[in-house]
Amino acid sequence: CIGVFEVVKFHTKRHRASKMRVLLTGGTGYIGSHTAIALLEQNHDVLLFDNLSNSQRHTVDRIRHITGKQAPFVQGDIRNTDLLTQTLRDFQADAVIHFAGLKAVGESVEQPIAYYANNVQGTISLLQAMQQCCVYKLMFSSSATVYGKPQYLPLDEAHPTSATNPYGRTKLHIEEMLQDLAASDACWKIICLRYFNPLGAHASGLLGERPNGIPNNLMPYIAQVAAGSLPFVQVFGNDYPTPDGTGVRDFIHVCDLAEGHAAALPFLHAQNGWHAINLGTGKGTSVLELIKAFAEANEIDVPYRIMPRRPGDVDACFASPAKAHNILGWKAQRDIQEMCKSAWLWQTMQG
Ligand code: NAD
Ligand code: UD1
């Protein structure tokens, strides 16, 4: 934690932070591509590094189309330390935002080695490359999953951490590894951004989330039901101790999340050590509320059926976004309606 005095000091410097050269691992993915736009719009230079295992090359052209700026793209795996080192050197990177990784909870239970190899081994490779090039500023895509089962709400960054599945454990291992690294060498400046539930798409309809096969997450599932590709939304449980009995989450528009990264760059530049910061709205919305909001916002039918609870789910999970607000001067701006409209536009543009 940084003290009040340091925060005040940081605030006075915040707006003077200069243009940075930022390498985005996983830069053509869902959150990476939206963040690339937010950074380019703030005049930073961006390089996209991705192995395209869960994204497509045309995203690079779409980012150019939206921003009018060409971000260089390197196709490669983060476990290729030599390629990363070369890319960091050639690009003369000041900082890295590390999105690359696998993210499906169910798959991580079936294929834990793939998750540890991609996420943990991949991060070690990235850190080795950064160290070789003396690039010491790193922002890492962490998740609210590191809080495990909430012991109190809203979740602040001081909440104890734990993991209930291999995906969550990779996030926790990486966070702990990054803390050790920051403690070992004062050069390192590291922020773990703990995302809550990102939803929605870019307002152009050109970028969004493209799940493989049948979606696991709620919003892509709703969008596919609305499109007629799936018959109804399965609502996993209506007997939770929540106002309508269904699960409650902190849904955040992906463009707000992207802007959170841009807001965190000056802090990354200015502060040493390791910091964890929540990116959420602070507002809980239930599964039924989201389904109804989607139907209303898009004037479309979204049939649903109540099903048994999904194993491993918690009843409610939402953030305290106070630290992000106090330290980064960032607050989510977009509401559930905008999340639902943009998700539907993206769905309909897929054809
Ligand atoms: P995504 O799958 O859309 O993006 C990840 C990108 O990383 C993809 O483009 C993929 O091709 C690339 N990638 C994967 N392994 C790689 C490797 N070994 N080398 C190079 N590139 C590789 O996922 P996303 O939703 O954009 O998530 C980005 C990050 O945020 C992930 O680390 C994820 O765990 C984390 N996160 C996501 C959510 C969410 O709900 N989407 C929530 C919390 C945390
Ligand atoms: C899940 C992951 C979390 C990950 C996050 C973003 C689990 C246990 N957690 O969070 O680690 O960071 O995705 O990728 O998988 N729901 C339905 N019907 C559906 C889908 C979901 O009712 O078809 C409900 C769920 O029960 C939950 C809510 O919708 O109450 C949100 O689910 P989901 O979108 O999968 O996100 P999380 O479970 O919060």
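The values are calculated or read from the model by the stated rules, or taken from the named source; none is laboratory data. Note that the coordinates shown come from a computational prediction; the quantities given were computed from them, not determined experimentally. Cβ sites come from the backbone with ideal geometry, for glycine too, and all protein chains shown count toward neighbours. SASA here: full protein model, heavy atoms, side chains in, ligands and nucleic acids out. Shrake-Rupley method; radii C 1.70, N 1.55, O 1.52, S 1.80 Å.
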Quiz item: So what is the calculated 222 nm ellipticity per residue for the chain, using -39500 (n - 2.57) for each DSSP H run with n of 4 or more, over all residues, to the nearest 500 deg cm²/dmol?
Solution: -12000 deg cm²/dmol
Quiz prompt | If the convex hull is drawn through the Cα atoms of region 125-274, its volume per residue in Å³ | solution = 163
Exercise. Using a 1.4 Å probe and ignoring any ligands, DNA or RNA, find the accessible area of Ser108 and quote it in Å² to the nearest 10.
Key: 0
Exercise. Please arrange Cys134, Cys255 by accessible surface area, largest first, computed with a 1.4 Å probe and ligands excluded.
Key: Cys134, Cys255
Quiz prompt | Vicinal HN-Hα couplings computed from phi for region 328-337 (Karplus, 6.51 cos²θ - 1.76 cosθ + 1.60; Hz; Gly/Pro x) | solution = 9, x, 10, 8, 5, 10, 8, 9, 4, 4
Quiz item: In terms of solvent-accessible area of protein heavy atoms at a 1.4 angstrom probe, what is the ranking of Leu207, Leu83, highest value first?
Solution: Leu83, Leu207
Exercise. Mind running the shape call on region 59-140? Use the C-alpha gyration tensor, a ≥ b ≥ c as the square roots of the eigenvalues: rounded below 1.5 for a/c, prolate if a/b tops b/c, oblate otherwise.
Key: oblate
Quiz item: In the neighborhood of Arg89, defined by Cβ-to-Cβ distances under 12 Å, what is the net charge if each Lys or Arg adds +1 and each Asp or Glu adds -1?
Solution: -1
Practice problem: Kindly report, to the nearest 10 Å², the accessible surface of Glu157 as traced by a 1.4 Å probe over protein heavy atoms only. | Solution: 40
Quiz item: GluC sites (Glu not before Pro) within region 272-351: which are DSSP loop residues with at most 14 other Cβ atoms inside 10 Å?
Solution: Glu299
Quiz prompt | Debye, to nearest 20: dipole size of the chain, +1 on Lys, Arg Cβ, -1 on Asp, Glu Cβ | solution = 600
Exercise. Wrap a convex hull around the Cα atoms of region 230-319, take a quarter of its surface area, and give that in square nanometres.
Key: 7.9
Exercise. Using a 1.4 Å probe and counting only protein heavy atoms, arrange Asp315, Asp90 so the residue with the most accessible area comes first.
Key: Asp90, Asp315
Self-check item: Given charges at beta-carbon only (K, R positive; D, E negative), |dipole| of region 189-338 in Debye
Solution: 520
Quiz item: Nearest-5 percent of antiparallel DSSP beta bridges in region 218-351?
Solution: 25
Exercise. Quick one: which residues, 5 or more positions from Gly282 or on another chain, have an amide H under 5 Å from its amide H? H modelled 1.01 Å from N in the peptide plane, none for Pro or chain starts.
Key: Ala319
Practice problem: Find out how many positive minus negative residues lie around Leu345, taking Lys and Arg as positive, Asp and Glu as negative, among other residues whose Cβ is under 15 Å from that of Leu345. | Solution: +1
Quiz item: About its Cα centre, how strong a charge dipole does region 194-262 have in debye, to the nearest 20, once Lys and Arg get +1 and Asp and Glu get -1 at the Cβ?
Solution: 180
Quiz item: Which cross-chain or sequence-distant (5 or more) residues have an amide H under 5 Å from the amide H of Ala100, H modelled 1.01 Å from N in plane?
Solution: Thr25, Gly26
Practice problem: Using DSSP, restrict attention to beta bridges with both residues in the chain and report what percent are antiparallel, rounded to the nearest 5. | Solution: 5
